[in-house]
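Here the structure comes first, spelled out in structure tokens, and everything after it is commentary.
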Amino acid sequence: MSEKENGVESMPKKGSAENPYTQKEYEEMCDAGTWNGGYVSGMGYVLPEVVVTGSSYSEEDWSFPSFPSIDDSWIDSWKEDYPEDYGNSGGSGGGSGSSGVTTSEGTWTGCGSGSHTCSGSYNVSKAVEHLVSHAHRKSQGRCAMYVRQALEAGGLNMNGHPSEAYQYVDFLPKVGFYEVNKSGYIPQPGDVIVIQPVAGHPHGHIAMYSGSNWISDFVQIDMWGGSDYRKKANYNLFRK
């Protein structure tokens, strides 16, 4: 809603919730190095872009969310060092018991045989709390593991989970998530973004929205988790 100054209508401040930047404007400002934080349409509040070149803090010293700066840099280290959640093969899905039901929102309930996993009850707050409390200041290259563990902390049975971050686009619906329309998207706590691979990053990326930040294994400045994904990646948004 516009405001009146000296009897003249004026728009709310650019970058406010009432007058957010477009994603194109945000990307252009990031490229120019002029992004200072603000609301972005479909993304919520995005922190200023900060690159940390050195710090005397250790992980033990850092207590979320008081660390003074958040790093946009990240590494692609989903390699053979971490076969769980990062290798080329995942566990087998499936389960037994009564057949599941797809609700009007597309959520899976119950335990089915075949490809569906017994999801169990889910507490979004517990999942978010776990993710926040374990977040680092920089990427550890383990986004899939950290998000999976948060979902498990929320009460989901993640048996049969995939090993690659991008593969969660097919797995999340099996444990009760439904895809959210990107048009006019407003993030809600517990939302999950699954990003497909781009050149140089064959494993993709996954993160969850805490209510104030997108978090994978570190606190991101936006939902992308890295500049390589920001302009060219295909992605899907999920909610439970």
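The values are calculated or read from the model by the stated rules, or taken from the named source; none is laboratory data. Just so we're clear, the structure is a prediction, and the values are computed from it rather than from any experiment. When we count neighbours, we look across all protein chains shown, and the Cβ atoms used for this are built from the backbone with ideal geometry, even at glycine.
Some notes on this structure:
- Gln167, sole failed condition from (1) modelled with pLDDT under 95; (2) over 14 Å from Met43 (Cα atoms); (3) polar (S, T, N, Q): (1)
- Qualifying residue in the range 128-142 (condition: of a type in the set (Ser, Thr, Tyr), within 11 Å of the chain's Cα centre (by Cα) and assigned to a loop (DSSP other than H, G, I, E, B)): no
- Among the residues making up the range 180-202, those that are exposed (fewer than 12 other Cβ atoms within 10 Å of the Cβ), within 20 Å of Thr22 (Cα to Cα) and of a type outside the set (S, T, N, Q) are Lys182, Gly184, Ile186.
- Condition check for Val192: under 10 Å from the mean Cα position of the chain (by Cα) and among the aliphatic types (A, V, I, L, M): yes
- Considering only residues in the range 1-51 that are in a helix (DSSP H, G or I) and surrounded by 13 or more Cβ atoms within 10 Å (Cβ to Cβ), the one that is modelled with the highest pLDDT turns out to be Glu25.
- Against the list (1) touching a strand residue (DSSP E or B) at 6+ places or on another chain (Cβ under 6 Å); (2) closer than 20 Å to Glu27 by Cβ; (3) in contact (Cβ under 8 Å) with a residue 60 or more places away in the chain, the condition His201 fails is (1).
- Taken over the range 205-240, the criterion of being of a type in the set (S, T, N, Q), more than 18 Å from Ile186 (Cβ to Cβ) and surrounded by fewer than 24 Cβ atoms within 10 Å (Cβ to Cβ) is satisfied by Ser227, Asn234.
- Residue in the range 148-155 that is in contact with a helix residue (DSSP H, G or I) (Cβ under 7 Å, 6 or more places away or on another chain), under 27 Å from Ser41 (Cβ atoms) and modelled with pLDDT of 95 or more present: yes
- Failed item in (1) among the aromatic types (Phe, Trp, Tyr); (2) modelled with pLDDT under 95; (3) out of contact with any strand residue (DSSP E or B) (no Cβ under 8 Å at 6 or more places or on another chain), with Trp224 passing the rest: (3)
- Qualifying residue in the range 190-209 (condition: of a type in the set (Ser, Thr, Tyr) and out of contact with any Asp or Glu (no Cβ under 9 Å at 6 or more places or on another chain)): no
- When the residues of the range 218-240 are filtered to those that are more than 10 Å from the chain's Cα centre (by Cα) and of a type in the set (D, E, K, R), the one that is farthest from Glu27 (Cα to Cα) is Lys240.
- Being assigned to a strand (DSSP E or B) and within 24 Å of Ser133 (Cα to Cα) is a property that Leu151 lacks.
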